[in-house]
Amino acid sequence: MNRSNVLSIENLKTYYFTRRGVVRAVDGVTFNVGKSEFIGLVGESGSGKSTLGLSILKIIPPPGKLVGGKIMFNGKEITHLNDKEMRNVRGKHISMVFQDPMTSLDPLMRIGDQLIETLTVHQKLSHEEAKKKAVRLLQSVGISEDRIKAYPHQLSGGMRQRVMIAMAISLNPELIIADEPTTALDVIVQDQILKLFRNLQRKLGMSVILISHDIALELEVVDKVAVLYGGWLVEFSPAEKIASDPLHPYTKELLKAIPNVLLDDQKLVSIPGNPPDLINPPKGCRFHPRCPQAMEKCRKEEPCTIQVKDRLVKCHLFT
Ligand code: ATP
Ligand code: SF4
């Protein structure tokens, strides 16, 4: 692991052991997150994005299990930490923002009190100090002091998500994992929240993994994009290279589905076919039934992950 990496994931495997069979939701994923890096994790529904996020925090719901690989955080292996040890990592070092703030906020508690409680418990601040910090945190996400006494239901969806971001940054974590934080919001609020995230990330120097099914949205804010397909990481590249010169055929297909305002007669295409069944994934390359560039080899052999300069790609076209 490079010293400047906050997170390093090696050959990570998380499976769900269901009655129908074993779902290989994350199946051998490897990538690094550098200090102060903003990473986008993108892929269709069911590609394993959320499972990967939950695996890093080790909060995989049953019947899911981390069955292989390694997670290094700040140079220390956290793969086998027990629940008590992980509680020291969560919140303080790695925190998560979910799509629906109501799953994380207590509906019966004023937002200020929720922040104050976190700060007094984890940072051992006095009530007065915690209150001052809670006001500062809320202001940093664009919420004025007079809203500190509001209950979550008295705020709009966008405001609630801002509170969640304030909670997530309250303990100065090195890494935030945000799982579709803006999906439920309208486009304008979505844009405001993403910009807020980006500004805070730069100001505070933290690393962020932003999970989204929307590659266009990711490309607006992230430094690097990790593309997941059927539990595999198929491409990992700097955002500007993904946009101008995508390597993996699946990344190319994802980009074709983005509207380009500069092209009047652009035809938007959705990717034909369905995502793979992760209990019985296709043999060889999991993308081969939908890949316009599939070759004979692709139906038989799993491609290796190849490093191409500063990029990773899992495809026979590069071997
Ligand atoms: P979405 O964008 O729809 O949230 P995703 O890319 O985040 O999708 P995951 O939710 O991680 O994907 O799901 C990956 C695979 O694991 C899917 O096949 C899904 O059906 C399966 N899966 C997820 N959660 C569970 C669970 N609790 N039990 C069984 N299978 C699950
Ligand atoms: Fe397409 Fe083959 Fe590459 Fe898979 S390995 S993406 S099927 S060309």
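The values are calculated or read from the model by the stated rules, or taken from the named source; none is laboratory data. If you're wondering where the values come from, they're calculated on a predicted model, not measured in any experiment. Every residue, glycine among them, receives a Cβ derived from its backbone with ideal geometry; neighbour counts consider all protein chains shown.
If you take the residues of the stretch 283-295 that are more than 14 Å from ligand 1 (Cβ to nearest atom) and surrounded by 15 or more Cβ atoms within 10 Å (Cβ to Cβ), which of them is nearest to the chain's Cα centre (by Cα)?
Per the criteria, the residue is Phe287.
Which ones in the stretch 279-296 are closer than 19 Å to Val23 by Cβ and more than 6 Å from ligand 2 (Cβ to nearest atom)?
Answer for the stretch 279-296, where residues must be closer than 19 Å to Val23 by Cβ and more than 6 Å from ligand 2 (Cβ to nearest atom): Ile279, Asn280, Pro281, Pro282, Lys283, Arg286, Pro289.
Among the residues of the stretch 100-155, count how many are hydroxyl-bearing (Ser, Thr, Tyr) and part of a helix (DSSP H, G or I).
Number satisfying all stated conditions: 4.
Right, Ile116: over 23 Å from Asn199 (Cα atoms), within 23 Å of the chain's Cα centre (by Cα), surrounded by 19 or more Cβ atoms within 10 Å (Cβ to Cβ) and free of Cβ contacts under 8 Å to residues at least 24 places away in the same chain or not? Before the answer, list the steps.
Working: over 23 Å from Asn199 (Cα atoms): yes; within 23 Å of the chain's Cα centre (by Cα): no; surrounded by 19 or more Cβ atoms within 10 Å (Cβ to Cβ): yes; free of Cβ contacts under 8 Å to residues at least 24 places away in the same chain: yes.
Answer is no for this residue.
Checking Leu194 against (1) surrounded by fewer than 20 Cβ atoms within 10 Å (Cβ to Cβ); (2) without any contact (Cβ under 8 Å) to a residue 40 or more places away in the chain; (3) touching an Asp or Glu at 6+ places or on another chain (Cβ under 8 Å), which test does it fail?
(1)
Within the stretch 255-264, can one find any residue that is surrounded by fewer than 21 Cβ atoms within 10 Å (Cβ to Cβ) and either within 16 Å of ligand 1 (Cβ to nearest atom) or closer than 18 Å to Gly46 by Cα (or both)?
Yes: one or more hits.
Tell me, please, whether a residue that is within 23 Å of Val221 (Cβ to Cβ), of a type outside the set (S, T, N, Q) and away from ligand 2 (no atom under 16 Å from the Cβ) can be found in the stretch 14-29.
Yes, there is a match, as at least one residue in the stretch 14-29 is within 23 Å of Val221 (Cβ to Cβ), of a type outside the set (S, T, N, Q) and away from ligand 2 (no atom under 16 Å from the Cβ).
Would you mind stating whether Leu125 is farther than 26 Å from Asp191 by Cβ and in the same structural domain as Asp106 (by TED's automatic domain parsing)?
Judged against the criteria, Leu125 is a match.
Pairs only if they're at least six apart or on different chains, beta carbon under 9 angstrom, first in the stretch 68-84 and in a loop (DSSP other than H, G, I, E, B), second crowded, with 16+ Cβ neighbours inside 10 Å and among the basic types (Lys, Arg); list them, first residue then second.
Listed pairs, sorted by first residue: Ile78/Lys58; Thr79/Lys58; Leu81/Lys58.
State yes or no: is Pro62 without any contact (Cβ under 8 Å) to a residue 60 or more places away in the chain and either surrounded by 21 or more Cβ atoms within 10 Å (Cβ to Cβ) or more than 12 Å from ligand 1 (Cβ to nearest atom) (or both)?
no
Got a number for residues in the stretch 15-41 being under 30 Å from Asn172 (Cβ atoms) and either surrounded by fewer than 22 Cβ atoms within 10 Å (Cβ to Cβ) or within 9 Å of ligand 1 (Cβ to nearest atom) (or both)?
The number of residues fulfilling the criteria is 9.
Mind checking which pairs have a first residue in the stretch 289-315 that is within 22 Å of Asp277 (Cβ to Cβ) and a second that is more than 8 Å from ligand 2 (Cβ to nearest atom) and polar (S, T, N, Q), Cβ under 6 Å, 6 or more apart or different chains?
Lys314/Thr305
Restricting the search to the stretch 297-317, which residues are more than 8 Å from ligand 2 (Cβ to nearest atom) and of a type in the set (A, V, I, L, M, F, W, C)?
Of everything in the stretch 297-317, those that are more than 8 Å from ligand 2 (Cβ to nearest atom) and of a type in the set (A, V, I, L, M, F, W, C) turn out to be Cys304, Ile306, Val308, Leu312, Val313.
With respect to Ser104, is the statement that it is polar (S, T, N, Q), touching a residue at least 12 places away in the same chain (Cβ under 8 Å), at negative phi and in the same structural domain as Val227 (by TED's automatic domain parsing) true?
no
Going residue by residue through the stretch 201-211, is there one that turns out to be touching a helix residue (DSSP H, G or I) at 6+ places or on another chain (Cβ under 6 Å) and touching a residue at least 40 places away in the same chain (Cβ under 8 Å)?
yes
Please work out if Asp265 is at pLDDT 90 or above and away from ligand 2 (no atom under 16 Å from the Cβ).
No.
Does Asp83 qualify as being surrounded by fewer than 19 Cβ atoms within 10 Å (Cβ to Cβ) and in the same structural domain as Leu155 (by TED's automatic domain parsing)?
So Asp83 does not fit the description; no.
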